[in-house]
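Read through the structure below, which is laid out as structure tokens, and then see the notes.
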Amino acid sequence: VQLVESGGGLVQAGGSLSLSCAASGSTFNIVAMGWYRQAPGKQREFLGSIRSASGTPIYADSVKGRFRISRDNAKNTMYLQMNSLKPEDTAVYSCNARLLRGDVWGQGTQVTVSS
């Protein structure tokens with residue numbers, strides 16, 4: 001399985017941005033997909049995930065109510081809609097696929113929120 005993120009960029013505080021994570025390869029092995037971020041000097045932070053079986057997303061408290069995860073099974077793509085962005089949301093955002101055995105990561109995409 002390979003993952004490719006897209007959609008990062010620069011946005012003003014209070015704005016919105018949408019990220020995509022396209023999966024390819026043996027996608028039937030994917031149990032769940034998730035979004036993470038890592039700001040400079042900080043540990044990687046879990047944002048949320050969505051299971052392949054249920055399609056129900058879960059969220060970290062830090063982004064609940066502002067971020068929304070969805071997926072398009074036909075396109076093997078997961079999305080992250082980010083609203084009411086804050087400067088502290090600035091980070092490299094990465095998607096992860098948990099497989100039947102192991103997991104894979106995308107290359108990451110930079111999101112910068114200006115004040």
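Tabulated values for the structure
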| item | result |
| --- | --- |
| Heavy-atom accessible surface of the chain: percent carbon and sulfur, 1.4 Å | 49 |
| Accessible solvent surface per residue of the stretch 32-115, calculated while the other protein chains remain in place, 1.4 angstrom probe, Å² | 55 |
| Virtual spin-label span in nm between residue 18 and residue 81, 7 Å along Cα→Cβ | 0.7 |
| Anchor residue 42: lysines whose Cα lies under 22 Å away (excluding residues fewer than 8 positions away in-chain) | 64, 86 |
| In nm, spacing of pseudo-spin labels at residue 43 and residue 112 (7 Å Cα→C-beta vector) | 2.8 |
| Three-way shape call for the stretch 58-115 based on the alpha-carbon gyration tensor, with the a/c threshold at 1.5 | prolate |
| Cβ-placed point charges (K, R +1; D, E -1), dipole of the stretch 2-73 about Cα centre in debye, nearest 20 | 160 |
| Percent RCO, i.e. relative contact order, over the chain, from Cα pairs under 8 Å lying at least 6 residues apart | 37 |
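The values are calculated or read from the model by the stated rules, or taken from the named source; none is laboratory data. It should be emphasised that the depicted structure is a prediction, and the values quoted were computed from it without experimental measurement. No Cβ is skipped: glycine too gets one built from the backbone with ideal geometry, and neighbour counts run over all protein chains shown. For the accessible areas, the whole protein counts, side chains as well, though only heavy atoms, and no ligand, DNA or RNA atoms are used. Shrake-Rupley method; radii C 1.70, N 1.55, O 1.52, S 1.80 Å.
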